[in-house]
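The next block holds one structure in the form of structure tokens; read it before the comments.
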Amino acid sequence: MKDTLHITVASVAEVLYDGEGKSILVPSVEGQMQVLKGHAPTIAVLTSGEVKVVDKDGKEHVFRIPGGLFETSHNTATVLIKEANEQTS
């Protein structure tokens, strides 16, 4: 059984990340929220900050966002934003 969820981070201009991941951390208006496989269905408004995706191989992808929307259900997590920049390490 796989221990991942499908994660999509997309802006109006492009899809920034679309694949299997171990976790996603988002900056919601209620505070930081981490989602793993099996998380309860959730919809959240995002504030400016960083979205961190840990892919299936353990590599971290970081996106700087100005805010947006987040939705998760049935082992799928989606971040919708106007624009973002991937931070490189």
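With assigned to a strand (DSSP E or B) and either of a type in the set (D, E, K, R) or over 11 Å from the mean Cα position of the chain (by Cα) (or both) as the only criterion, which of 57, 3, 18 stands out?
Being assigned to a strand (DSSP E or B) and either of a type in the set (D, E, K, R) or over 11 Å from the mean Cα position of the chain (by Cα) (or both) holds for just one of 57, 3, 18, which is 18.
In region 35-63, which residues are touching a Gly at 6+ places or on another chain (Cβ under 8 Å) and either surrounded by 14 or more Cβ atoms within 10 Å (Cβ to Cβ) or more than 24 Å from residue 13 (Cβ to Cβ) (or both)?
46, 47, 53, 54, 55, 56
No lab work stands behind these numbers, since they all come straight from the coordinates. Only a predicted model underlies this, so the values are computations on that prediction, with no experimental measurement involved. Every residue, glycine as well, gets a Cβ built from its backbone with ideal geometry; the counts of neighbours run over all protein chains shown.
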